[in-house]
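S.K.: Take this structure first; my questions come after.
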Amino acid sequence: MPIIVARDEYGHEYHVKVSRADDHLRSYSWHISRRGYAYRKTSIRRPGRKNPTGASVYMHREICDLQIGDPRVPDHKNRDKLDNRRSNLEVLSCNAENVRRANQQDGSTVVAWEEPQVQGARLIPTP
């Protein structure tokens, strides 16, 4: 399993796990965000703007092939933000991610959710 070294703003080193298929990512300079995620800096051209602007590309989003602006979120199954192996990442809708987080925080279990046509999600509790 390849390891990519990333540094936080204070210069501390962190080891980020990736799958062999993502070993090419070591060619970038990686940083650790204050929230604990590995990211790299890049510049992108935004519509209607003359000059490119700075942007952060998070490693787990890049591995899951989620472009900037994609509303889906990659989820770390084992909750380790530095474990970016493909087997540990799962792409979820924002609603599904919120349901999963709610289940973990309060200990209750939600067995299903519906995504209404309008907005938000409705939790369906266990009977």
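We did not get these values from a lab; they are worked out from the coordinates using the rules stated. Just so you know, these numbers come straight off a predicted model, no measurement behind them. Ideal geometry is used to build each Cβ from the backbone, glycine not excepted, and the neighbour counts take in all protein chains shown.
S.K.: With label points built 7 Å along Cα→Cβ from the Cα atoms of Arg34 and His12, find their separation and express it in nm.
M.R.: According to this spin-label approximation, the distance is 1.5 nm.
S.K.: Pull out the extension gain between Asn78 and Ser27, defined as 0.36 nm times the separation in residues minus the alpha carbon to alpha carbon distance; nm, one decimal.
M.R.: Answer, rounded to one decimal: 15.8 nm.
S.K.: Order 68-75, 85-92 from most to least packed using the mean count of other Cβ atoms within 10 Å.
M.R.: Top to bottom by mean Cβ count within 10 Å: 85-92, 68-75.
S.K.: Cα convex hull of segment 3-92: mean projected area in nm², to one decimal?
M.R.: If I average the Cα hull's projected area over directions, I get 6.4 nm².
S.K.: Quick check on packing: order 4-10, 32-38 by the mean number of other C-beta atoms within 10 Å, highest mean leading.
M.R.: Taking the mean over residues of other Cβ atoms within 10 Å, the ranking is 32-38, 4-10.
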